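Asks: For reference, the structure I am asking about is given below.
The values are calculated or read from the model by the stated rules, or taken from the named source; none is laboratory data. Fair warning: this is a prediction, and the values are worked out from it, not measured in the lab. Cβ coordinates were reconstructed from backbone atoms using ideal geometry, including for glycine residues, and neighbour counts include every protein chain displayed. Keep in mind that these areas ignore ligands, DNA and RNA; they rest on the heavy atoms of the full protein, side chains included. Shrake-Rupley method; radii C 1.70, N 1.55, O 1.52, S 1.80 Å.
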Amino acid sequence: MHANTLLLTGFAPFGGETVNPSWQAVARLDGETLDGHRIVARCLPVEFGTAIDALRSALAETSPTLVLCVGQAGGRAQIAIERVAINVDDARIPDNAGASPVDAPIVEDGPAAYFATLPIKAMLVALREAGIPAEISQTAGTYVCNHVFYGLMHALRDSTVRGGFIHIPYAPEQAARLVGAPSLHVDTVVSALRIALRAALAHDVDRRVAAGAEH
Ligand code: PCA
């Protein structure tokens, strides 16, 4: 295994979709070398529990120095760099195995939340400078993406490995069926992920730039 591995994950399709642009984008980066680091891409199932098991296996197999998980956030208009993962599952729609947990902790007696340890502001600035619409998101929801993000940060809690999560909009072919939904082409998402990863590698300490929200 390469000395410096970046683990990137995407998700399987869910919610009646036949594609998930998170995996389409992440798969295209598999095997690429970025600033001396080799990217390994994995696809996670959209299933509570099993998704974290798959992530933990990938962490054990690849011993990455940095981890970025990516998921589809239908309805969002920009690349959304997530700030925080919370310790709750509350499923509005069943996962791909039919499970719909409600108000269940992800880790019994775990902390209420974990912050991403990637330099989210540096990543945001780099994306905007490259002309890619991006935002800091203050919630990753309470479905499988937040579940995986929390599981990731819990797994990394005592290590120096940095981790974070990015939500992406629908791909245009999905939005074409959902009149009015915002979308971003997968080519743009692939570029965005490269830019975000480069910024993360270049910044051990985050930039101090306002990107909060009033609601
Ligand atoms: N998006 C879902 C789960 C998988 C995905 O790509 C979410 O935002 O929770």
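Asks: Looking only at region 126-144, filter to residues that are among the hydrophobic types (A, V, I, L, M, F, W, C) and open to solvent by less than 20 Å² (accessible area, probe 1.4 Å); which one of those is nearest to D90 (Cα to Cα)?
Replies: By that ranking, first place goes to V144.
Asks: Now for a different question. Return yes or no: is A60 more than 15 Å from V190 (Cα to Cα), part of a helix (DSSP H, G or I) and more than 17 Å from the chain's Cα centre (by Cα)?
Replies: Considered against the rule, which asks whether it is more than 15 Å from V190 (Cα to Cα), part of a helix (DSSP H, G or I) and more than 17 Å from the chain's Cα centre (by Cα), A60 comes out as yes.
Asks: Then there is this: Counting residues that are touching a Lys or Arg at 6+ places or on another chain (Cβ under 8 Å), which helices (runs of 4 or more DSSP H) fully inside region 138-215 reach at least 2?
Replies: Output list reads 144-155, 186-202.
Asks: Please find, among V102, V70, the residue that is surrounded by 14 or more Cβ atoms within 10 Å (Cβ to Cβ), among the β-branched types (V, I, T) and either assigned to a loop (DSSP other than H, G, I, E, B) or within 16 Å of the ligand (Cβ to nearest atom) (or both).
Replies: V70
Asks: Please determine whether any residue of region 40-53 is without any contact (Cβ under 8 Å) to a residue 60 or more places away in the chain, open to solvent by less than 30 Å² (accessible area, probe 1.4 Å) and in a strand (DSSP E or B).
Replies: The answer is yes, given that some residue of region 40-53 is without any contact (Cβ under 8 Å) to a residue 60 or more places away in the chain, open to solvent by less than 30 Å² (accessible area, probe 1.4 Å) and in a strand (DSSP E or B).
Asks: Related question: Hey, can you tell me all the residues within region 1-38 that are free of Cβ contacts under 8 Å to residues at least 60 places away in the same chain and surrounded by 20 or more Cβ atoms within 10 Å (Cβ to Cβ)?
Replies: Result: N20, W23.
Asks: Go over the candidates D206, D158, D187 one by one and state the one that is of a type in the set (D, E) and closer than 17 Å to E135 by Cα.
Replies: Testing whether each residue is of a type in the set (D, E) and closer than 17 Å to E135 by Cα leaves just D206.
Asks: Tell me the residue from A3, A91 that is of a type in the set (A, V, I, L, M, F, W, C) and modelled with pLDDT of 95 or more, please.
Replies: Going through A3, A91 in turn, just one is of a type in the set (A, V, I, L, M, F, W, C) and modelled with pLDDT of 95 or more: A91.
Asks: Any residue at all in region 19-34 that is outside any strand (DSSP E or B) and either among the hydroxyl-bearing types (S, T, Y) or within 15 Å of L152 (Cα to Cα) (or both)?
Replies: Among the residues of region 19-34, at least one is outside any strand (DSSP E or B) and either among the hydroxyl-bearing types (S, T, Y) or within 15 Å of L152 (Cα to Cα) (or both), which makes the answer yes.
Asks: Further question on the same structure: Sort out which residues of region 1-48 are touching a Lys or Arg at 6+ places or on another chain (Cβ under 9 Å) and of a type in the set (S, T, N, Q), and write them in order of number.
Replies: Result: N4, T5, T9.
Asks: Condition check: without any contact (Cβ under 8 Å) to a residue 40 or more places away in the chain and exposed (fewer than 15 other Cβ atoms within 10 Å of the Cβ). Does A77 satisfy that?
Replies: So A77 fails the test.
Asks: Test A85 against the stated conditions and say whether it is more than 20 Å from A171 (Cβ to Cβ), within 13 Å of the ligand (Cβ to nearest atom) and surrounded by fewer than 20 Cβ atoms within 10 Å (Cβ to Cβ).
Replies: For A85, the condition - more than 20 Å from A171 (Cβ to Cβ), within 13 Å of the ligand (Cβ to nearest atom) and surrounded by fewer than 20 Cβ atoms within 10 Å (Cβ to Cβ) - is not met.
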